[in-house]
1. Inspect all residues belonging to the range A:95-110 and state whether any of them is surrounded by 23 or more Cβ atoms within 10 Å (Cβ to Cβ), more than 14 Å from chain B (Cβ to nearest Cβ), in contact with a His (Cβ under 7 Å, 6 or more places away or on another chain) and within 30 Å of B:C300 (Cβ to Cβ).
2. Just one of B:G44, B:G99 is within 11 Å of chain A (Cβ to nearest Cβ) and either touching a residue at least 60 places away in the same chain (Cβ under 8 Å) or at positive phi (or both); which is it?
3. Find the residue count for the range A:276-292, including only residues that are under 12 Å from the mean Cα position of the chain (by Cα) and over 19 Å from A:Q363 (Cα atoms).
4. I'd like to know if the range B:220-235 contains one or more residues that are touching a strand residue (DSSP E or B) at 6+ places or on another chain (Cβ under 6 Å) and within 26 Å of B:M25 (Cα to Cα).
5. Scan (1) assigned to a loop (DSSP other than H, G, I, E, B); (2) over 13 Å from B:N89 (Cα atoms) for the single condition B:A22 breaks and write down its number.
6. Of the residues that sit in the range A:352-366 and are within 12 Å of B:V50 (Cβ to Cβ) and aliphatic (A, V, I, L, M), which one is farthest from the other protein chains (Cβ to nearest Cβ)?
7. Select from the range B:188-244 the residues that are of a type in the set (S, T, N, Q), over 11 Å from B:L174 (Cβ atoms) and in contact (Cβ under 8 Å) with a residue 40 or more places away in the chain and list them in ascending order.
8. Give the range B:302-329 a look and list any residue that's more than 27 Å from B:M269 (Cβ to Cβ), within 9 Å of another protein chain (Cβ to nearest Cβ) and without any contact (Cβ under 8 Å) to a residue 40 or more places away in the chain, or say none.
Amino acid sequence: MKLTIKTVSGNARLGVISGMGRHSSQILNTPMCLLYTPGGCAPYLSKDMLQKVLNLPQISHIPVNAIVEHQTSLEKFGKGMATFSSMEEFILYSSVQDPSQAVQSGYNEKMGVAVWTKGGKVKLRPEDYMQLQAAIQPDIFQALCDSDTDGLSKRKRVRKSVSRTLEYLDKCVELRDNLKSLEDSCMFGVCVGGYEEDQRVTSAKETSLRPVSGFILEGFHQMGPEMAEFPFTKISHLVTATLKNVPEDKPRMLPGPWDPLSIIQAVKAGIDMFDSTYPYVMAEKGQAITYVYKQEPKELRNNKPEDALQEQETHATNIMDLNEPRYHDDFKPILESCQCYSCLNFTRAYINHLLNTKELLGQTLLMMHNFQSYFDFFETIRESVAKNNLQSLEQLLMQHHQDNTHFAQDHRKS
Amino acid sequence: MAGSRALSFKIIAECSTTKARASHMSLPHQVVDTPVFMPVGTQGTLKGLVPEQLEEIGCQIILGNTYHLGNRPGPDLLEKANGLHSFMNWNRALLTDSGGFQMVSLLKLAQITEEGVKFQSPHDGTEMLLTPERSIEIQNSIGADIIMQLDDVVHSTTTGPRVEEAMYRSIRWLDRCLEAHKRSHDQNLFPIVQGGLNPELRKICAIEMTKRDVPGFAIGGLSGGEEKSHFWRMVTLSTDHLPRDKPIYLMGVGFAVDLVVCVALGCDMFDCVFPTRTARFGSALVPTGQLHLKNKEFSCDFGPIDDTCPCSTCKTFTRAYMHTIVTVQSTSCSLLTIHNVTYQVSTTP
């Protein structure tokens, strides 16, 4: 894998990733996000529905917890998870944990890491983990790590997570050499260190010395739906400290359900890759992403001035909760200006009804809208980095955060 | 479609040995090829599938449940939305039931009187009454191509005077429904032949209902656990006494075998929740029965669910892969629904 930086805007980078093993003809533009595909499929979306989403990321993200129980089938199958799940056209990335689910804290040990499957907790030692990855045959994968720390973790625990993560990494590096099916796979090292800045620096420096193809920053939060409201500004100093101590020419990933404003701030700090658990987490709650970030509002379909005014009002909230009774008889699409499948074909009232009656189609339509919004947003981010106007994009989003008080408070503090 | 009739039924082929026939049924939104299996989209949606997917599967007509839709989103909202077609963005045919059956089977304290069905609102416990008039009114708001009369339905294993009472009441309620129907120009009201497992009562009911000016008929009160031999007999008796030149809808049927037999007995339309319901539990319908994909036996089965099935699920995924996602990943439900509905819809021709 090769990362070429094309433009730099402060610490933000516009990059191109190429030479991805089995997918060597593909190039990836960063900053980018992955396509969240737990168990090998996009949530709620069959392949034909998924194909209706434009700007699909080229990397399919599969957390291992959904696969652990099926390792034997996968090994018998022999051709890897991408083929098993009929996603061969995607580059496959597999992670230790699923960022859309809060990790249950306190179950990692010196010996190995706990992942949570449908059948319960499974302990993975580096050797187990690498055997699993050998069956998955990913193009990129995360090294085994102990990222079970957050803002409340004691220093002792943080130091343990740093040393364990390095031990696991070294073991993974060693084991990888003997696993033929991982020959073409790239391994990303994990920088941890909780909220202890010096530990962050240590973790980053040490990880940089190992033969890794990229860096994943974790250990800030237990992840899961609550993270959708966690502002990046709380950890920006830690991210900066980490990134100062990893090489420039390798991609940096920040997993987790980050809202668009946090994404911009993370890109400004130097992050290249994100996942797409945020759209999923929001869809699960019955919420649509309604950030407006176009400098000029797109032509509204009906061109009615009242609609434009309404649209501005709704945009002010960034998030539309379709569960709210006020949408019961609102026959507009989620966003007039959105070109996604859901907005072109269905109304707020219909989605409200589906959520109210707990029908699967409710989340399905929100998933499509949210994915589309997020992927379009990354297009805009890349454009902004190229044009060097990330700052104004950030300001545009911050303006609309005014209604969301706790966000506004936190972001103003920064 | 000629004149002011909202339905025209054209038989294009008839079987020489059985009562089976293939027909074109023209409805306001769609020409439907019969025999037809109608998947059930209870609350204005079919288990995670969008209308476009249903069209791709070949669905020409789907069902909505008046009881559920009457509660949520409610007839007023549906009127505001210009009907269920517009609300759910389904442009082909819709059929709604009367709400009566659901009421009786779902509500603990439903009580049948001559006036209508008395029940306690599931939301706030207040006493409510579903009359034939109210059922038609709600169905008029929903706007389906075919609507059903409110009938007094008894369980098929019930015996005694209750069966006769229900049969005659259904006829009286049919007349009230016809009277209350405000949209006969674009909505087709079907009567429902009752009479339990009593041949005499069935015959009387069919003959009486035939006297009314209606575009089609339904056979009700069967497929509720009665013995198969009784079931067939009542079906064939009913079709014997209904006009051949109008469509016949056998309600609540059914499983593949039943479909084939009942087509031979002269029925044209069928519905059943089973394919969509069983998809939710990870079961796929196949010619030999059902595959419970959650079972370990499929963990290394690298063939498709059914190698004769043209659906996208069978063309894309293996049983082994489905085994890893059923009841775990949300996507599996729509994938199985696509398969099960395709299976059911293609069994009927």
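The values are calculated or read from the model by the stated rules, or taken from the named source; none is laboratory data. Note that this is a predicted model, so its numbers are computed, not measured. Glycine gets a Cβ as well: all are built from the backbone with ideal geometry, and neighbour counts include every protein chain shown.
1. Among the residues of the range A:95-110, at least one is surrounded by 23 or more Cβ atoms within 10 Å (Cβ to Cβ), more than 14 Å from chain B (Cβ to nearest Cβ), in contact with a His (Cβ under 7 Å, 6 or more places away or on another chain) and within 30 Å of B:C300 (Cβ to Cβ), which makes the answer yes.
2. On the way: B:G99 fails: within 11 Å of chain A (Cβ to nearest Cβ).
Result: B:G44 is the single residue among B:G44, B:G99 that is within 11 Å of chain A (Cβ to nearest Cβ) and either touching a residue at least 60 places away in the same chain (Cβ under 8 Å) or at positive phi (or both).
3. In the first step, residues of the range A:276-292 are kept if they are under 12 Å from the mean Cα position of the chain (by Cα); the result is A:276-281.
From what is left, the residues that are over 19 Å from A:Q363 (Cα atoms) are none.
Going through the range A:276-292 one residue at a time, the tally reaches 0.
4. The first filter runs over the range B:220-235 and keeps only residues touching a strand residue (DSSP E or B) at 6+ places or on another chain (Cβ under 6 Å), leaving B:220.
Checking which are within 26 Å of B:M25 (Cα to Cα) leaves us with B:220.
Yes: one or more hits.
5. (1)
6. Step by step, filter the range A:352-366, then rank; the result is A:L365.
7. Hits for the range B:188-244 are B:N188, B:S223, B:T236, B:S238, B:T239.
8. First pass over the range B:302-329, keeping only residues more than 27 Å from B:M269 (Cβ to Cβ): B:302-304, B:307, B:315-329.
Now drop any that are not within 9 Å of another protein chain (Cβ to nearest Cβ), which leaves B:302, B:316-318, B:320-321, B:323-325, B:327-329.
B:F302, B:T316, B:F317, B:T318, B:A320, B:Y321, B:H323, B:T324, B:I325, B:V328, B:Q329 - these are the residues of the range B:302-329 that are more than 27 Å from B:M269 (Cβ to Cβ), within 9 Å of another protein chain (Cβ to nearest Cβ) and without any contact (Cβ under 8 Å) to a residue 40 or more places away in the chain.
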